[in-house]
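Trainee: Next up is a structure, given as structure tokens.
The values are calculated or read from the model by the stated rules, or taken from the named source; none is laboratory data. Remember, it's a predicted structure, so these values are computed and weren't measured experimentally. Every residue, glycine among them, receives a Cβ derived from its backbone with ideal geometry; neighbour counts consider all protein chains shown.
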Amino acid sequence: MISRIKGFFGGVFSVFKKRRSIKLGIYGHPNAGKSTIANRISKDWLGEEFTKSSAVPHETREVIVKEKVTIKSKGKELTFNLVDTPGIATKIDYEDFLKFKINPKEAKERAKEATKGVIEAIKWLDDMDCVLVVIDSTQNPYSQVNITIIGNLAARDIPVLIVANKIDLRKSDVKRVESAFPQYPTVAVSAIKGDNMESFYEHLFKLVK
């Protein structure tokens, strides 16, 4: 009887030990500030940058994972794998890169890589435990890209936190972002300046339960 009990609890503990790490994905339109958010989290808690951010669209063209990121808030601790994904776009044209003085050959290669990156990002949704949807609060949130991302997340029943980024800019309109997707909580931040990040981390704890 005792051996059976030990066997039962041993199996239970084994399940907990094998539990995979929580994957927190960052999704959004190109240049919404996904990589800036990832860098802010990484610098705040690991003291190092996560990835390269740039004004050039589709700077992140493949999924990048930072494992075992631990954050703390109000005496609580949370550890997860942070997943930065390529910007989601419905159309990627190599000519968009030419505006940034990138030569045609490299521009075409970037466009090809960016297209593959979008496909990879969508595939990764099936492996996400929760997702940050980063929205540029100076832009119209009712874009086809944002609606597509939210629709995919809703279909998979994945917990979502809307991050209204760039509140340091004059055209920022957080209320417009909140009203666009009222079914999900929204937190307003300036990832580049670190504004309101304490509130962001509090929301993150509520998201990752």
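Let's see how each residue does on (1) in a loop (DSSP other than H, G, I, E, B); (2) without any contact (Cβ under 8 Å) to a residue 40 or more places away in the chain; (3) basic (Lys, Arg); (4) closer than 24 Å to TYR201 by Cα:
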| site | (1), (2), (3), (4) |
| --- | --- |
| LYS116 | no, no, yes, no |
| ILE119 | no, yes, no, no |
| THR148 | no, no, no, no |
| ILE158 | yes, yes, no, yes |
| VAL163 | no, no, no, yes |
| GLN183 | yes, yes, no, yes |
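Trainee: Hey, can you tell me all the residues within the range 70-118 that are more than 17 Å from HIS29 (Cβ to Cβ), at pLDDT 75 or above and of a type in the set (Asp, Glu)?
Mentor: Result: GLU77, GLU106, GLU109.
Trainee: So which residues in the range 129-146 are farther than 19 Å from ALA38 by Cα and part of a loop (DSSP other than H, G, I, E, B), if there are any at all?
Mentor: Answer for the range 129-146, where residues must be farther than 19 Å from ALA38 by Cα and part of a loop (DSSP other than H, G, I, E, B): THR138, GLN139, ASN140, PRO141, TYR142, SER143.
Trainee: Tally time: how many residues in the range 37-58 are surrounded by fewer than 20 Cβ atoms within 10 Å (Cβ to Cβ), under 25 Å from ARG110 (Cβ atoms) and modelled with pLDDT of 90 or more?
Mentor: Residues in the range 37-58 being surrounded by fewer than 20 Cβ atoms within 10 Å (Cβ to Cβ), under 25 Å from ARG110 (Cβ atoms) and modelled with pLDDT of 90 or more: 1 in total.
Trainee: A further question follows. Return a yes/no flag: does the range 160-171 have any residue that is buried (at least 19 other Cβ atoms within 10 Å of the Cβ), modelled with pLDDT of 95 or more and of a type in the set (S, T, N, Q).
Mentor: Yes, the conditions are met somewhere in the range 160-171.
Trainee: Under 8 Å by Cβ, and 6 or more places apart or on different chains, what pairs join a residue from the range 185-208 that is within 21 Å of GLU49 (Cβ to Cβ) with one that is assigned to a helix (DSSP H, G or I) and acidic (Asp, Glu)?
Mentor: Correct list of pairs: GLY194/ASP44; MET197/ASP44.
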